[in-house]
Every structure is written in structure tokens, then in C-alpha cells.
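Here's the structure we're looking at; comments come further down.
Only the coordinates and a few stated rules stand behind these numbers; no lab work does. These figures come from a predicted structure and were not determined experimentally. Neighbour counts run over all protein chains shown; Cβ positions are idealised from the backbone, glycine included.
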Amino acid sequence: MEFGLSAADWSAIWLTLRLATLVTVILLIITTPLAWWLARTSSRWKGPVSAVISLPLVLPPSVLGFYLLITMGPNGPVGQLTQSLGLGTLPFTFAGLVIASVLYSMPFVVQPIQNAMEAMGSRPLEAAATLGASPLDTFFSVVLPLCRPGFITAAVLGFTHTVGEFGVVLMMGGNIPGQTRVISVQIYDHVEALDFAHAHSLSLLMVIFSFAALLLLYNSQRLAGMGKRG
Amino acid sequence: MTTLTTNTLSVDLNLQRREFSLQAQLTFPERGVSVLFGHSGSGKTTLLRCIAGLERASGEVRFGTETWQTGQTFVPTWQRGIACVFQESSLFEHLSAQGNLDYAIKRARTTVSPAEIHQVIEMLGIGHTLARRPYQLSGGERQRVAIARALLNKPRLLIMDEPLSSLDDKRKQEILPYLENLKEALSLPVLYVTHSMQEVTRLADYLVCLQDGRVRASGTLQETLSSMDDVAGLGTEAAVVIEGEVISHDFQWHLTTLGFAGGELRIRQHDRVIGTGVRIQVLAKDVSLALSEYHDSSIVNLLPCQVDAIAAADDPGIVLVRVLVGSTPLLSRMTHYSASSLQLEPGKRVWAQVKSAAIL
């Protein structure tokens, strides 16, 4: 035992970090074009798409988890597909947890990126185009650097939010050690077993980690803001 | 359509929006500054953006032998080989002034030599700004860096969308001389949008007047400005611009004599060298007409001329009279009553009293 944590605790921590990292990377990749589209479109689909993405903000995680369980289960459409591809079913697996977390944390990643892109406006893009920069070139040379604070916020929020999820994991992933038993579930188990000492250690760790991450985020935003004003 | 040389821009565009329509068929000269002039809402910026490919109207845009737009073809902005200076600062905030220049140099159509870079930086006087970020620059400095950035991109067509309109008058006066220098030094065509008569008279070689999305007049500056239908809407700003040269200086009375095709004008002493070519602006409100050669007035310049045409102005009590001094047109703004009591009519010989004229 180190820092008052058991081997099972460490396994949960390691699993949680792996999950959050993977989910953050996937989210940054898929939400960037999505945020781009939302920031620039005047399509009538903008409203419905935004609303669907934002659903996890207001729905109880159990509702989201329930529907994911149904869709990905052996009789659900996604479940049928994964089975016909020889992949089995996704609920109660790490992969299933990744997919659920991606959906659950998506609004926290889309919104900061979308806000940054909207705040940037179209002028820098037009300037780059008139200087002969291709769209891809413009994305890397203008959009990414100008929207960097938005991407940082998105990554921090996506990561911490995934680390902090509980309801969806319990519904979708259950409680399989090394597979789906993340920190929040492990704490739940400790409390169920009246092992308050271990629950304390892990909970405190979560509080410290979340505080540190958010502190880092707000400090970096403050610095970025100061840089802009000069 | 006229024969197109390498840098000739020609457009035939049509755009219908809910409360605005634009219809323009124009061919621009292959070098010099072409000014698109008009009040806000006249469509000048929209036309410019369609030429740049930032907006799409239906119709055709051709540049030299290339087709930028026709039917289904639409060459994207970044492949058109143009550069733009926008109304407000468009510098990249994440890069220093130097970084902004490098961005353009890296993407220029042809290699930019260190000598050219040096020359542009000198010409625009931005050497001291290079290490700074855009937010650390004044409005005037930002626009000069933006102009330098556009030039170093080696465009085939330089587009400027009201580059001075976001600046206060003092900054405008600070940048105008740089633009005039630029005009002399550049061999590429420049499209310049403005609603300022001052910028028109100082910079334009070719003038396109737009009103409510239609081309009201286009031609050389002199042709367009002296055509009264086009300037009637300008009110007291109506003016002609004459190409002339400095003939002599009178040090006793502090006067400078300027010569032009058809006559001479004396103005307050100027420090330009004798023989220098100048642009002289004569406002219509500064020209009055008399039937005989009065020498008993305080007005220095008295020019024999012939009435060419008379047209209504913006005000029912006012007319604009165009007279020819030799071959040079002048405009005179007077009351309808005066024109009528002097019995002015085309062909009549009169004397033009020019109260003041300005070297631009």
C-alpha cells in the first residue's frame, strides 16, 4: 500500500487516466471539425445539432447510460452491428466505456472550441486566404494558434469531466476491475463496504487533482487575457 | 470584350440579395490605381469581395488570360494571386509585425529578395514596429504593416478596402503620402475602395462611381470627375482634377504658377521644384463665371473659357456649369438664378474666376 491506496485503487487510477486520455484525444479530433461547422454554419441544422450535443449537460447520467446500454446491447442496433462484425457487444467493456465517455463529455469539449472559433471571426481566415494560404495551411497557421486557449480549455474540461463521471460508467460499464472500475466506482465500492479510510484517500486525491487542473486552466486563461490586452 | 493583356481585370457580375442588388460590368486598366467610389450601401465593398473571391455573385471574373469565375468555375481566393488590405486591422494577433510579414513572404508567388523586403519596410516606415505585436501598434502603424504584408506577398492585383476609414484624420494624413509613393513605385494594378473624395483625388488614376449597386460612371479620373452627371451628387465636394506642372515661383508675392493644357493657375507658394508634374484640384464651388474680364476683384486667376454644358446639381436652386479652358474642363457651381441671368448656354465665351486651387 502506498499513500494509503491498495493495489485495486491504483488499478482504478491507472484505468481512469487511460480512459480520460484516450477520450480527450478522440474528442479533440472529432469535435474540431464539428465545432468548426457549428461556428461557421448558418444551416437550420445548427440548432438541433447543438441541442443534441448538449443533452448530456442536462440529462441524468443514468438516462444516457440506459439508452447506450440498450443501443449497444445484444438486441440494440449498434449491438447487432458489432456482433455481425465479430466484435461482440460493447457494454461492460473498456471500449464501450470509451464510447459512452466520448458522448458524455462532448459538450464540454465542443463549446470552448466553438466559442474560440466564433470569437476569432472570419477576418483572419480571409486575410490568410488573400495571402495565398490554402484552407489546411490556414487551419494550422492561423486557426490553431488563435484558438489555442479554447483548445486548452476544451482538453482540460474534457479530461477532468471524464475522470469525474460515475453514473454513465455504472450503467454502461458496470464494475469490472481493470476493465471498467474507474476511480469514482472504486470510491462507491469502498463506501458500500464501509471502508471509509480508502474512500477518503481516493476522494481527497480526486479533489486535489480537479482543483489543480482547474487552477491551471483559469491561470492560463488569465495570462492569455493579459497578453492580449498588453 | 476588349483584348485582355496579362494584368487586365474584367468583371461582369450580378448579385441579388433581399434588399440589395449589384450589377457591374467593368474592365479595369492593367496598371495604376482604380478607385471604386460610392457612398455606403453602394455595393463597392461587395464588388471588391466578389473580385477577391471572398463572396460569390453570379457572372464572370477574368484576370488577364485566367478565368477566376464563370458558370461552375470558381477559383478560390487563395489561388488568385491577390493580396488584400482590409478596412480594419487584419494582422494576425498571434504573430509579431515581422511574423506577419514573414507569413506573406513564405506564401508569396515568387521569391522575395532581402532587398525588396528592405525597400518595402523603408517605404512604409515600419522598421521600428517589426518586433512588436499588433496590439502594441497604433492604428496607423497597423495599416502600414498590413500594406507591407500585402506587397511582400507579391500579388498580381492589390486590393484595398477602405484602408484609411478606420483611422482618424491625423493618421489618414500620415498614411496618404505613403500610398502616393506606393502608387509611383508599383507596376501592378490596384483596386481601391473608398467613400472619401480626398482619397479619390489624391490616388485615383481610374475612377468607378457606384450608386445603389449600379455603375454610374467609369473612366479616367479626369473624364469621370468632369462629367457632371456623376459629380452632381457630390454637392460642395464636386471638383475637377487637372494634370499640370510647376512653371515658376514668385518669391515677392509668395505665389507659384502652375501650367496645364489650356492655361495657367497661380496658387499660394509651393516648395515643389520647377518642372515637377502635379495634380491640381479645383473645387466647383471655388469657380465663378463672369461675362467680361474683370480686373477689379480680389481673385487672382482669370481664365478665358467656353461654356460646355449645364446640369442640375443636388439642390434645385443650384446648377453645375462645365467650361473648357482650352481642352481642360473646369466645373463651376452657382445658383440657377445666376446661370439664368448671365444667359449661360453651351458655346458662350465667359471668364472663369478661380478662387483657389490645391496641389494634391
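Measuring from centroid to centroid over Cα atoms, what is the spacing of segment B:320-341 and segment B:233-267 in Å?
17 Å
Mind listing the long-range amide H neighbours of B:Leu255? Cut-off is under 5 Å, sequence gap 5 or more, other chains count too, H placed in the peptide plane at 1.01 Å from N.
B:Asp250, B:Gln269
Using the beta-carbon distance between A:Leu17 and B:Gln16 and R0 = 41 Å, what value does 1/(1 + (r/R0)^6) give for FRET efficiency, to the nearest 0.05?
E between A:Leu17 and B:Gln16, to the nearest 0.05, is 0.10.
Could you check which residue among A:Glu126, A:Glu165, A:Glu118 shows the biggest mean-square fluctuation in a GNM of chain A with a 10 Å Cα cutoff?
A:Glu126
Can you pull out the trypsin sites (Lys or Arg not before Pro) in segment B:1-92 whose DSSP state is coil and whose Cβ has at most 15 other Cβ atoms within 10 Å?
Of the trypsin sites (Lys or Arg not before Pro), the ones in loops of segment B:1-92 whose Cβ has at most 15 other Cβ atoms within 10 Å are B:Arg18, B:Arg56.
Going through segment A:1-62, which trypsin sites (Lys or Arg not before Pro) have at most 12 other Cβ atoms within 10 Å and a DSSP loop state?
Taking segment A:1-62 and a limit of 12 other Cβ atoms within 10 Å, the loop trypsin sites (Lys or Arg not before Pro) found are A:Arg44.
Can you sort B:Arg142, B:Arg107, A:Arg148 by how many other beta carbons sit within 10 Å, fewest first?
A:Arg148, B:Arg107, B:Arg142
Would you compute, from DSSP H runs of 4+ residues alone, the mean residue ellipticity of chain B at 222 nm, taking -39500 (n - 2.57) per run and dividing by the full residue count, rounded to the nearest 500?
-6500 deg cm²/dmol, from helical runs alone.
What does the net charge come to around B:Lys44 if you take all other residues with beta carbon closer than 14 Å to its beta carbon, with K and R at +1 and D and E at -1?
-2
Quick one: plug the Kirkwood hydrodynamic radius of the protein assembly as shown (C-alpha pairs) into Stokes-Einstein at 20 °C, 1.002 mPa s, and report D in µm²/s.
D = 73 µm²/s.
Averaged over peptide B:152-158, how many Cβ atoms belonging to another chain are found within 10 Å of each residue's Cβ?
Mean inter-chain Cβ contacts per residue within 10 Å come to 1.
Considering the dipole of the protein assembly as shown built from charges on the beta carbon (Lys and Arg +1, Asp and Glu -1) around the Cα centre, which of B:Thr6, B:Ser288, A:Ser54 is farthest to its positive end?
Positive-end residue among those listed: A:Ser54.
When the Karplus curve 6.51 cos²θ - 1.76 cosθ + 1.60 is applied with θ = phi - 60°, which whole-Hz ³J(HN,Hα) does each residue of segment B:323-331 get, with x for Gly and Pro?
10, 10, 9, x, 9, 8, x, 10, 10
Give me, ordered by chain and number, the residues 5 or more places off B:Ser166 or on other chains with an amide H under 5 Å from its own placed amide H.
Distant-sequence amide H within range of B:Ser166: zero hits.
Compute the Rg/Rh shape ratio of segment A:1-83: radius of gyration over Kirkwood radius, all on alpha-carbon atoms.
Ratio of gyration radius to Kirkwood radius for segment A:1-83: 1.11.
Out of residues 5 or more away from A:Gly73 or on other chains, whose amide H comes under 5 Å of its own, with H placed 1.01 Å from N in the peptide plane?
Here the answer is A:Gly79, since their amide H atoms fall under 5 Å of that of A:Gly73.
Percent antiparallel among DSSP beta bridges with both residues in segment B:9-233, to the nearest 5?
55 percent
Grab every C-alpha pair in segment B:263-360, bin the distances at 5 angstrom width from 0 up to the longest one, and report whole percents.
3, 13, 24, 23, 18, 11, 5, 3, 1
Can you give the helix-only mean residue ellipticity at 222 nm for chain A, where every DSSP H stretch with n ≥ 4 adds -39500 (n - 2.57) and the sum goes over all residues, rounded to the nearest 500 deg cm²/dmol?
-24500 deg cm²/dmol, from helical runs alone.
Could you give me the radius of gyration and the Dmax of segment A:80-230, taking only the C-alpha atoms into account and expressing both in angstrom?
When restricted to Cα atoms, segment A:80-230 yields Rg and Dmax of 20.6, 66 Å.
Pop out the ³J(HN,Hα) list for segment A:197-210 in order, Karplus 6.51 cos²θ - 1.76 cosθ + 1.60 with θ = phi - 60°, rounded to Hz; leave Gly and Pro as x.
Coupling constants for segment A:197-210: 4, 5, 4, 4, 4, 5, 5, 4, 4, 5, 4, 4, 4, 5 Hz.
How much length, in nm to one decimal, is gained on full extension between B:Met123 and B:Lys355, taken as 0.36 nm per residue of separation minus their Cα-Cα distance?
That works out to 80.0 nm of additional length.
Within segment B:259-360, which chymotrypsin sites (Phe, Trp or Tyr not before Pro) sit in a loop by DSSP and count at most 15 neighbouring Cβ atoms inside 10 Å?
Answer by residue number: B:Tyr294.
I'd like the Karplus ³J(HN,Hα) series for segment A:120-136: coefficients 6.51, -1.76, 1.60, θ = phi - 60°, whole numbers in Hz, and an x wherever there's a Gly or Pro.
Residue by residue, segment A:120-136 yields 5, x, 9, 4, x, 5, 5, 4, 5, 4, 5, 8, x, 8, 5, x, 5 Hz.
Sort out for me the Cα centre separation of segment B:159-199 from segment A:52-67, rounded to whole Å.
56 Å
Would you mind getting me the FRET efficiency between B:Phe251 and B:Tyr135? Use the beta-carbon distance for r and R0 = 60 Å, nearest 0.05.
Result of the calculation: an efficiency of 0.75.
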